[in-house]
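These notes are about the structure you will find just below.
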């Protein structure tokens, strides 16, 4: 795996921070799933890409165990202030677009990759869960948190900056590749 080429590809897709990901350092924690169950984002038990539908922690660990390396990618936004909702929304949209673009490019190189996004799935205006199967099972992606990961810990464990300073926001995603 050539991280230089991966980083160049990530930058080309619109990410402005990235780093190597050591799969052995990933900790899939029940406490994170408990935070999901508190349903502060209103997606718990409402989406195929969120708990409990996205799979158990054991299934996430088993899936990740097939990999040794990957890449972390970030969209880092400078906000006007901590209430800059428009800046947050814009950064989220840019992140999702960059994520989908990079995912498409990586699919040709790593067809068996394990992508983990930021935030809930937003492919469909309304999810079919639980009444019908997912309309796009090949495109739906669980977030790092839905997988049971503490994003700030994944970043620090892999030497990737998470806090970029006052009035900044970093959307982070991961791709396990090899």
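Any idea which residue in the stretch 1-15 is surrounded by the most Cβ atoms within 10 Å (Cβ to Cβ), counting only those that are modelled with pLDDT of 95 or more and part of a loop (DSSP other than H, G, I, E, B)?
15
Going by the structure shown, is residue 94 under 23 Å from residue 157 (Cα atoms) and either outside any strand (DSSP E or B) or out of contact with any helix residue (DSSP H, G or I) (no Cβ under 7 Å at 6 or more places or on another chain) (or both)?
Working: under 23 Å from residue 157 (Cα atoms): no; either outside any strand (DSSP E or B) or out of contact with any helix residue (DSSP H, G or I) (no Cβ under 7 Å at 6 or more places or on another chain) (or both): yes.
Considered against the rule, which asks whether it is under 23 Å from residue 157 (Cα atoms) and either outside any strand (DSSP E or B) or out of contact with any helix residue (DSSP H, G or I) (no Cβ under 7 Å at 6 or more places or on another chain) (or both), residue 94 comes out as no.
For (1) touching a helix residue (DSSP H, G or I) at 6+ places or on another chain (Cβ under 7 Å); (2) more than 23 Å from residue 13 (Cα to Cα), each residue gets a yes or a no:
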position	(1), (2)
63	no, yes
88	no, no
123	no, no
135	no, yes
157	yes, yes
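Answer with yes or no whether residue 126 is assigned to a loop (DSSP other than H, G, I, E, B) and within 17 Å of the chain's Cα centre (by Cα).
Numbers: assigned to a loop (DSSP other than H, G, I, E, B): yes; within 17 Å of the chain's Cα centre (by Cα): no.
Here the answer is no, as residue 126 does not meet what is asked.
Can you say whether residue 25 is over 21 Å from residue 159 (Cα atoms), touching a helix residue (DSSP H, G or I) at 6+ places or on another chain (Cβ under 9 Å) and either buried (at least 19 other Cβ atoms within 10 Å of the Cβ) or modelled with pLDDT of 95 or more (or both), as far as the supplied structure shows?
On the way: over 21 Å from residue 159 (Cα atoms): no; touching a helix residue (DSSP H, G or I) at 6+ places or on another chain (Cβ under 9 Å): yes; either buried (at least 19 other Cβ atoms within 10 Å of the Cβ) or modelled with pLDDT of 95 or more (or both): yes.
No.
Would you mention how many residues in the stretch 145-159 are surrounded by fewer than 21 Cβ atoms within 10 Å (Cβ to Cβ) and in a loop (DSSP other than H, G, I, E, B)? Can you show your working first?
In the first step, residues of the stretch 145-159 are kept if they are surrounded by fewer than 21 Cβ atoms within 10 Å (Cβ to Cβ); the result is 150, 152-153, 156-159.
Keeping just the survivors that are in a loop (DSSP other than H, G, I, E, B) gives 150, 158-159.
Going through the stretch 145-159 one residue at a time, the tally reaches 3.
Being out of contact with any strand residue (DSSP E or B) (no Cβ under 6 Å at 6 or more places or on another chain), modelled with pLDDT under 95 and on the phi > 0 side of the Ramachandran plot, is that true of even one residue in the stretch 43-57?
Yes, the stretch 43-57 contains a residue that is out of contact with any strand residue (DSSP E or B) (no Cβ under 6 Å at 6 or more places or on another chain), modelled with pLDDT under 95 and on the phi > 0 side of the Ramachandran plot.
This table checks each residue for (1) in contact (Cβ under 8 Å) with a residue 60 or more places away in the chain; (2) out of contact with any helix residue (DSSP H, G or I) (no Cβ under 7 Å at 6 or more places or on another chain); (3) closer than 15 Å to residue 28 by Cα.
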| site | (1), (2), (3) |
| --- | --- |
| 81 | yes, yes, no |
| 141 | yes, yes, no |
| 144 | no, no, yes |
| 149 | yes, no, yes |
| 163 | no, yes, no |
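Among the residues of the stretch 31-63, write down those that are farther than 13 Å from residue 146 by Cβ and part of a helix (DSSP H, G or I).
Selection gives 31, 58, 61, 62.
Take the conditions closer than 21 Å to residue 159 by Cβ, touching a helix residue (DSSP H, G or I) at 6+ places or on another chain (Cβ under 7 Å), surrounded by 13 or more Cβ atoms within 10 Å (Cβ to Cβ) and in contact (Cβ under 8 Å) with a residue 40 or more places away in the chain and apply them to residue 68. Does it pass?
Numbers: closer than 21 Å to residue 159 by Cβ: yes; touching a helix residue (DSSP H, G or I) at 6+ places or on another chain (Cβ under 7 Å): yes; surrounded by 13 or more Cβ atoms within 10 Å (Cβ to Cβ): yes; in contact (Cβ under 8 Å) with a residue 40 or more places away in the chain: yes.
So residue 68 fits the description; yes.
The values are calculated or read from the model by the stated rules, or taken from the named source; none is laboratory data. All of these numbers come straight from a predicted model, not from anything done at the bench. We place every Cβ from the backbone using ideal geometry, glycine too, and count neighbours over all the protein chains shown.
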